[in-house]
Amino acid sequence: MSPILDKKNLAKLKALKNRYVEKIIEKYTKLCKPQKVTVLTGSPEDISYIRKLAIKNGEETPLKIPGHTIHFDGYFDQGRDKENTKVLLKKGGTLSKSINTGERNSCLKEIFALLKDSMKGKEMLVLFYCLGPTSSPFSIPALQITDSAYVAHSENILYRQGYQEFKRLKGGNKFFQFVHSAGELENNVSKNYQKKRVYIDLPDNRVLSVNNQYAGNSVGLKKLSLRLAIKKADSEGWLCEHMFIMGARIKEKKRVTYFTGAFPSACGKTSTAMIPGGTIIGDDIAYIKRGGNGRPYAVNVEQGIFGIIENVNSIDDPLIYKALTTPRELIFSNVLVTNGRPYWLGMGKELPKKGVNYAGCWKEGDKDNGGNEILPAHKNARYTIKITELPNADPNLNNPKGVPIAGTIYGGRDSDTSPPVIQAFDWSHGVFIGASLESETTAATLGKMGVRKYNPLANLDFLTIPLGKYLKNHLEFGKKLKHPPQIFQTNYFLKENGQFLNQKVDKKVWLLWMEGRIHNEFGALTTPIGFFPKYEDLVFLFKTIFQRRYKKEEYEKQFALRTNNLLAKLERIEAIFKEEMDIPKLMFRQLEKQKERLLAARKKFPQDSSSPFCFS
Ligand code: OXD
Ligand code: MN
C-alpha cells in the first residue's frame, strides 16, 4: 500500500479483509495521485469529518439556518450530461439506438488519461455504502472513491452506510465501484467541463466519472448505480426501476396501499410520492423482486431525496417547504443565496435582486456569454435531505423485506394527449402504456427544454440492456406474479390555450381513485385506451378531499378522448418500436389493438375529441 495511506486509515481498510477492495484503492491511488487517502467507515466521527471537510474545502458554505449548507456546481454542469455519459461495449457490440455507447477499450483509455493525476494535491475519500436496506436480500454493497467532500456528504445523507456490508462479503467481489474526480477546480467548480465524462463499465461493475460535480453525474450511488443495477437485475430476474415508492393511506379504513411510480424527472414524481396524507419510502429508484406470496416487493435504493426545489412552496409542498426552512442537515444546490438565506424559483416569495448563484455574483438582468438572461436560481436547483427528516416518512423505509406493491403509475409531461388518470386493462397493456411514455424535456438534463421525447418507463436514460429485452423482462416478471400490481397512467400537465386544465393538488384525487380501484371500490368507463374514472366518483372525491364542486365541464375537458392526438402518438411509438431490435411481439399486438379501438371510436364519434360520457 502507498505511504499516503497512514496507519489508521490502513487499519480501517485491512479490517475488511478484502483484497479486491485493496487492489482498487491501490490502482486509483497510483493513477489519480492524491496527496492523502482517507478511509471512512460511516462512524459518527467519520460522518462529521466529511461534513466539516466539505466546508473546509469550500465545496459547501454554511447558511443562516443551522445544519443548512449551499453547494454550487459549474455553470455548464447543471444537469445530467447525456452526451458524455456512455455505456462501454466491446467492439461491434450494440444496444438500443437510443442508448449512448462507446467502444470499451478506447473509452477506458480516454478516461484513465483524464483521471491520471486528477487528485494531485487533493484528498482521496474512500467510502462504503449499501444500495437498498442493509442485511437484506436487496442489498448491494457499493464502494465510492471521490475527491469531492460534497459528493461524500451527499452520499452520507442519501444512502445507508455499508462498511459492515463489506465485512459481510467475506472477501468477495460482489459489489459496485464508483470512481469520481471533480478534476481541476477553479473557484471550486470543475474547470475542464468540456472533458466531462461518465463511463459505465458493466463487466467490472464500475462507473468512472471525471470533471464534474452535479450529483446526477458525480454521485456514484444515484444514477450511476442505477445503470449497473439494471444490468444486474436483468441477469438475476428482478426489476430495477426509476420509480418512487409511497403508501396511500386511508385513515378511516386503517389501510395502506403501496404504489411505485415512474416519471421522468421534474414531472411530478417527488410531489406524487409526497401527496399529503400518504407516506413516502422513496422518490427516485426502486428495486423490485417477487415475494414468496406471488406479490412484488420493493425497496428504496436510497434513504434520502435529491429533489428539484423549483416550485416547492408552502401551499403545494407544505412538508418539504417546512423541512427546507427549519434547522436540520440539508444541502441546497444552485439556488440564489442572499445574506445567508437560500431563494429559489417558485418558492412563493419575491426573490432578492442580487446575491450569489450558480453563475457567481449575480444581479437581476445579468446575461451569460451567449446573451441569455441568467435566472436568479437554476431551474434544476436541488435540495439533499434524509427522508427521516420528513414527518411523512413511511415506517417501512428500512424494512429489509421491502413493501408489497399493489399499484404502479406511469406519468409524463404531456400537454395535449393523455387524460389526467387512466387504468390499464391488464399487466401487458400496462407495460405497453409504460413503454409508450412520452414526456416534454425538463432542466434535469442538459439541452433544450419542452421537447417531446420518448422515454419508456421513464428509464430510457439509464438502460444498459436493449429496450426490447427490458420490456420482455417486465412482461415476464408480471406473468410470474399471482397478484401483479394494477397499472395506471397519470398526466398532470394537460393544457388548453396554454393554461393547465388541473390544479397541482388534484393529484391527490387521482391517487385516491387509483387506490379505490385497487380495492374494487369504484367503477370505471371502458374506453379505447383504458379505464377512465366515472364522473360521479370524481365528484365524490373532490368533495370529500377538497370540499370542491367538480363540474361536468371540467370532467369533459380533462377526460376527453383526444382521438387524433392519441393515434398520432401511436404512429410515433410504432416507428420507434420498429427501429429497435427485439421489441416483444406482445407490445406490437397491444399497439395494434389500441389503434383498432381508437379507429372504431373515431368512426362512431368523428369529432377530434369525444366526451367521456360517450363511453360506459
Ligand atoms: C433525478 C433525475 O435527479 O432523474 O432524479 O434527474
Ligand atoms: Mn430521477
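The values are calculated or read from the model by the stated rules, or taken from the named source; none is laboratory data. Please read these numbers as outputs of a predicted model, since none were measured by experiment. Every residue, glycine as well, gets a Cβ built from its backbone with ideal geometry; the counts of neighbours run over all protein chains shown.
Confirm whether residue 533 is in contact with a Leu (Cβ under 8 Å, 6 or more places away or on another chain) and under 30 Å from residue 254 (Cβ atoms). Quick ask: steps written out before the conclusion?
Values: in contact with a Leu (Cβ under 8 Å, 6 or more places away or on another chain): yes; under 30 Å from residue 254 (Cβ atoms): yes.
Taking the combined requirement at face value, the residue satisfies it.
Cβ contacts < 7 Å: first residue of a type in the set (Ser, Thr, Tyr), restricted to segment 271-288; second residue within 11 Å of ligand 2 (Cβ to nearest atom) and outside any loop (DSSP other than H, G, I, E, B), any location; separation 6+ or different chain. Result?
272/244
Quick check on segment 208-266: of everything there that is touching a strand residue (DSSP E or B) at 6+ places or on another chain (Cβ under 9 Å) and on the phi > 0 side of the Ramachandran plot, which residue is farthest from ligand 2 (Cβ to nearest atom)?
Ranking the candidates gives 237 first.
Spot the failing condition for residue 433; the list is (1) more than 16 Å from ligand 2 (Cβ to nearest atom); (2) of a type in the set (A, V, I, L, M); (3) over 21 Å from residue 235 (Cα atoms); (4) part of a loop (DSSP other than H, G, I, E, B), and only one is missed.
For residue 433, the failing item is (4).
Criterion first (in contact (Cβ under 8 Å) with a residue 24 or more places away in the chain and either within 16 Å of ligand 1 (Cβ to nearest atom) or surrounded by 24 or more Cβ atoms within 10 Å (Cβ to Cβ) (or both)) does residue 212 satisfy it? Talk me through it step by step, then tell me what you get.
On the way: in contact (Cβ under 8 Å) with a residue 24 or more places away in the chain: yes; either within 16 Å of ligand 1 (Cβ to nearest atom) or surrounded by 24 or more Cβ atoms within 10 Å (Cβ to Cβ) (or both): yes.
Taking the combined requirement at face value, the residue satisfies it.
Within segment 245-270, which residues are in a strand (DSSP E or B), charged (D, E, K, R) and in contact with a His (Cβ under 9 Å, 6 or more places away or on another chain)?
Start the filter on segment 245-270 by keeping residues that are in a strand (DSSP E or B), which leaves 245-250, 255-262.
Right, trim to charged (D, E, K, R) and you get 249, 255.
Result: 255, single match.
I'm trying to understand the selection: among the residues of segment 357-366, which are assigned to a strand (DSSP E or B), in contact (Cβ under 8 Å) with a residue 60 or more places away in the chain and surrounded by fewer than 21 Cβ atoms within 10 Å (Cβ to Cβ)? Quick ask: steps written out before the conclusion?
Our first condition is that a residue be assigned to a strand (DSSP E or B); within segment 357-366, this holds for 357, 360-363.
Next cut, in contact (Cβ under 8 Å) with a residue 60 or more places away in the chain only: 357, 360.
Residue satisfying the conditions is 360 alone.
Would you pick out the residues in segment 230-261 that are under 18 Å from residue 468 (Cα atoms) and within 14 Å of the chain's Cα centre (by Cα)? Outline the logic, then answer.
At the first step, the residues of segment 230-261 found to be under 18 Å from residue 468 (Cα atoms) are 230-242.
Once the filter is applied, which keeps residues that are under 18 Å from residue 468 (Cα atoms) and within 14 Å of the chain's Cα centre (by Cα), segment 230-261 yields 230, 240, 241, 242.
State whether one or more residues within segment 274-288 are in contact with a Lys or Arg (Cβ under 8 Å, 6 or more places away or on another chain), over 18 Å from residue 230 (Cα atoms), hydroxyl-bearing (Ser, Thr, Tyr) and part of a helix (DSSP H, G or I).
No.
Let me confirm something: among 334, 339, 369, which residue is more than 16 Å from ligand 2 (Cβ to nearest atom), of a type in the set (S, T, N, Q) and surrounded by 21 or more Cβ atoms within 10 Å (Cβ to Cβ)? Quick ask: steps written out before the conclusion?
Working: 339 fails: surrounded by 21 or more Cβ atoms within 10 Å (Cβ to Cβ); 369 fails: surrounded by 21 or more Cβ atoms within 10 Å (Cβ to Cβ).
The unique qualifying residue is 334.
Tell me, please, whether a residue that is within 16 Å of ligand 1 (Cβ to nearest atom), modelled with pLDDT under 95 and among the polar types (S, T, N, Q) can be found in segment 325-337.
no
When the residues of segment 372-400 are filtered to those that are within 14 Å of residue 333 (Cα to Cα) and out of contact with any helix residue (DSSP H, G or I) (no Cβ under 8 Å at 6 or more places or on another chain), which remaining residue is surrounded by the fewest Cβ atoms within 10 Å (Cβ to Cβ)?
It comes out as 379.
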